[in-house]
Amino acid sequence: MSSSSTGSESSMQQSNLSSLLMERMEIAMEIERRQRTSRLRFYRPYKKQVEFHKAGAAYRERLFMAGNQLGKTLAGAAEAAMHLTGEYPDWWQGYRFSGPIVMLAGSESYELTRDGVQRLMIGPPMNPEDWGTGYVPKKAIVATTKRSGVSGALDSVTVRHKSGGVSTLLFKAYEQGRSKWQANTVNYVWFDEEPPQAVYFEGITRTNATGGLIALTFTPLQGMSEVVRRYIKPGDDPGAVDRNVTQMSIDDAEHYTPEERAKIIASYPAHEREARTKGIPALGSGRIFPVTEESIKVAPFEIPKHWVQIGGIDFGWDHPTAGVALAWDRDADVMYVTKVYRQREATPVVHAAALKAWGSWLPWSWPHDGNNDTAAGQNLATQYKAQGLNLLREKATFEDGSNSVEAGLMDMLDRMITGRWKVFSTCPEWFDEFLLYHRKDGKVVKEMDDVISASRYALMMKRFAKVKPSNTGWTFTDRKVV
């Protein structure tokens, strides 16, 4: 065979190889393009994400409360895209809309909405040519409108639905207040990051006519806020049956190795660690009682006969009237919260009747504002005394005559830290307030503090606590009790 023939065959082989490589490259590029522009098809959720999605079939309001970088926003974006397009995967067990929908989605600011919700759903905000690389497939994006004043931010997206119609996605932000969430009736609202309570209720209102769904995805860095409390500790709220919370910790995130998890956990401040890695409401540096609930909670037990007891009451109307019973183990100097009462918009007749059931002998401590005249002309303390509640003669003060709120709170905190303040597990109202009680700009926030305040009054007047009489018909009186 001639050298020219050999060279020709070699050239052909190289040409064929080059063509094959080019073909494979084109196939790989096409696969990569399809993956980038059809991201929704390749969504494979973790177990906790599946749990969140599935709950949508049974509950109207859902909260996915997870640590940072664990996939909560990603799960929210993927589900939102399914509802907008009608493209549900075979494994889907969540709610299915039967046709096109109107959706509101947003976060704390328009910049954060752009960089979080919009980026995951549509694609890189600053690269319009890449829009369609998020969870809403490129082929499904019919039109977009831009938001003025925020570079790269969109105001709305029109999305093609598999039924042939179109869905509408409206981007919002909390920073402008509840009024900006007012819109026509919508089918679905997605809050990424915790919304203010007013904004949250506005979202619910937008879905009332349709019976639409509410989804929240956030890390609970604001602690036991009213929105979190709505899910975690709803009390006797009848609407709680239509709400669900899914919590995801770093241990549920399959993309981290054990070594990576340990490093991430260690990187956070102690007071934020549980929120950022486990999705547990943060203790927060602003909390007045930065101790865990478990460290002060105890199972109820029968109070020893030689322990002394005292009650504390905080008067209220639009905010609740609250009552607390304390038992004091003087030998160990440990205080136990044994009973709690809390009710709003009721008269002293109602409150006194409920509290007297704890024992007519029990002395009651009351606040200084109990001497303020009411519209009826009688001060509150006098009204309760008239109903037979065993109020102490003097308003709540320390032994030196002072009544500092801070001193009382620090006394309670010191006892908690040293194991000398315990609360019966049968007092859920007390723990509700304990988790919410905080400072803002250094000042105590006077909200949801009624039971805590009643506890403080009782603690201040512990010197007047009495042993429960063995004869239940016996009523204790002395110069300090009326």
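The values are calculated or read from the model by the stated rules, or taken from the named source; none is laboratory data. In this text the structure is predicted, and so the values were computed from the model without any measurement. A quick note on method: Cβ atoms are made from the backbone with ideal geometry, for glycine too, and the neighbour counts reach across all protein chains shown. Please note that ligands, DNA and RNA were not included when accessible areas were found on the heavy atoms of the full protein model with its side chains. Shrake-Rupley method; radii C 1.70, N 1.55, O 1.52, S 1.80 Å.
Residues in segment 336-351: is at least one touching a Lys or Arg at 6+ places or on another chain (Cβ under 6 Å), closer than 21 Å to V467 by Cα, in contact (Cβ under 8 Å) with a residue 40 or more places away in the chain and not β-branched (V, I, T)? Talk me through it step by step, then tell me what you get.
Of all residues in segment 336-351, those touching a Lys or Arg at 6+ places or on another chain (Cβ under 6 Å) come to 336.
Filter once more, keeping what is closer than 21 Å to V467 by Cα: 336.
In the following step, the residues that additionally are in contact (Cβ under 8 Å) with a residue 40 or more places away in the chain were identified as 336.
Filter once more, keeping what is not β-branched (V, I, T): 336.
Yes, segment 336-351 contains a residue that is touching a Lys or Arg at 6+ places or on another chain (Cβ under 6 Å), closer than 21 Å to V467 by Cα, in contact (Cβ under 8 Å) with a residue 40 or more places away in the chain and not β-branched (V, I, T).
Taking the residues in segment 384-439 that are among the β-branched types (V, I, T) and in contact (Cβ under 8 Å) with a residue 60 or more places away in the chain as candidates, determine which candidate is surrounded by the fewest Cβ atoms within 10 Å (Cβ to Cβ).
As a first pass, look at segment 384-439 and keep what is among the β-branched types (V, I, T): 397, 405, 417-418, 423, 426.
If we keep only those that are in contact (Cβ under 8 Å) with a residue 60 or more places away in the chain too, we end up with 397, 417, 423, 426.
Numbers: T397: 15, I417: 14, V423: 22, T426: 12.
The selected residue is T426.
Residues that are more than 17 Å from W190 (Cα to Cα), without any contact (Cβ under 8 Å) to a residue 60 or more places away in the chain, of a type in the set (F, W, Y) and open to solvent by 10 Å² or more (accessible area, probe 1.4 Å) do occur in segment 70-90, at least one of them. Pairs meeting the criteria (first residue in segment 440-459 and farther than 12 Å from W430 by Cα, second residue assigned to a loop (DSSP other than H, G, I, E, B), beta carbons under 6 Å, at least 6 apart or on different chains) are Y457/P367; Y457/A396.
Determine, yes or no, whether K446 is at pLDDT below 80, of a type outside the set (F, W, Y) and out of contact with any helix residue (DSSP H, G or I) (no Cβ under 8 Å at 6 or more places or on another chain). Explain how you work it out, then say what you get.
Values: at pLDDT below 80: no; of a type outside the set (F, W, Y): yes; out of contact with any helix residue (DSSP H, G or I) (no Cβ under 8 Å at 6 or more places or on another chain): yes.
In short, no.
A residue that is among the charged types (D, E, K, R), in a helix (DSSP H, G or I), open to solvent by 10 Å² or more (accessible area, probe 1.4 Å) and free of Cβ contacts under 8 Å to residues at least 40 places away in the same chain occurs somewhere in segment 98-116.
For the structure I just gave you, tell me whether T217 is out of contact with any His (no Cβ under 6 Å at 6 or more places or on another chain), open to solvent by less than 50 Å² (accessible area, probe 1.4 Å), hydroxyl-bearing (S, T, Y) and not in a helix (DSSP H, G or I). Taking the combined requirement at face value, the residue satisfies it.
Yes or no, residue by residue, for (1) within 12 Å of I101 (Cβ to Cβ); (2) not aliphatic (A, V, I, L, M):
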site: H161; (1), (2): yes, yes
site: G164; (1), (2): no, yes
site: Y174; (1), (2): no, yes
site: V189; (1), (2): yes, no
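Could you please find all residues in segment 330-356 being assigned to a strand (DSSP E or B), open to solvent by 60 Å² or more (accessible area, probe 1.4 Å) and polar (S, T, N, Q)? Write out each step before concluding.
As a first pass, look at segment 330-356 and keep what is assigned to a strand (DSSP E or B): 334-343.
After this cut, where a residue has to be open to solvent by 60 Å² or more (accessible area, probe 1.4 Å) as well, the list is 339, 342-343.
Within segment 330-356, just Q343 meets the criteria.
I need a count of the residues in segment 187-199 that are over 19 Å from K278 (Cα atoms) and buried (at least 20 other Cβ atoms within 10 Å of the Cβ). Quick ask: steps written out before the conclusion?
First pass over segment 187-199, keeping only residues over 19 Å from K278 (Cα atoms): 187-191, 195-199.
This time we only want the ones that are buried (at least 20 other Cβ atoms within 10 Å of the Cβ), so: 187-191, 195, 199.
Looking only at that region, the number is 7.
Of all the numbered requirements in (1) touching a Pro at 6+ places or on another chain (Cβ under 7 Å); (2) crowded, with 18+ Cβ neighbours inside 10 Å, G165 misses one, and that requirement is (2).
When T382 is tested against (1) under 30 Å from M224 (Cβ atoms); (2) outside any loop (DSSP other than H, G, I, E, B); (3) β-branched (V, I, T), exactly one condition is not met: (1).
Considered as a group, the residues in segment 295-329 that are within 12 Å of W421 (Cα to Cα) and not in a strand (DSSP E or B) include one that is modelled with the highest pLDDT, and that residue is I296. Taking the stated definitions as given, is E202 crowded, with 23+ Cβ neighbours inside 10 Å and without any contact (Cβ under 8 Å) to a residue 60 or more places away in the chain? The answer is no for E202. Just so you know, in segment 240-271 the residues that are within 17 Å of the chain's Cα centre (by Cα) and touching a residue at least 60 places away in the same chain (Cβ under 8 Å) include one that is farthest from I214 (Cα to Cα), and it is S249. Just one of the numbered conditions (1) in contact with a Leu (Cβ under 9 Å, 6 or more places away or on another chain); (2) free of Cβ contacts under 8 Å to residues at least 12 places away in the same chain; (3) not aromatic (F, W, Y) is not true of A140: (2).
Among all positions in segment 58-76, there is no residue which is small (G, A, S), within 19 Å of A143 (Cα to Cα), in contact with a strand residue (DSSP E or B) (Cβ under 8 Å, 6 or more places away or on another chain) and at pLDDT 95 or above. Of all residues in segment 237-291, those that are over 30 Å from K443 (Cα atoms), among the β-branched types (V, I, T) and part of a loop (DSSP other than H, G, I, E, B) total 1.
Considering only residues of segment 253-276 that are among the aliphatic types (A, V, I, L, M) and surrounded by 12 or more Cβ atoms within 10 Å (Cβ to Cβ), which is farthest from G67 (Cα to Cα)? So that I can check it myself, show each step before the final result.
Step one: filter segment 253-276 for residues among the aliphatic types (A, V, I, L, M), giving 253, 262, 264-266, 270, 275.
In the following step, the residues that additionally are surrounded by 12 or more Cβ atoms within 10 Å (Cβ to Cβ) were identified as 253, 262, 264-265, 275.
On the way: A253: 10, A262: 14, I264: 11, I265: 10, A275: 6 Å.
Out of the qualifying residues, it is A262.
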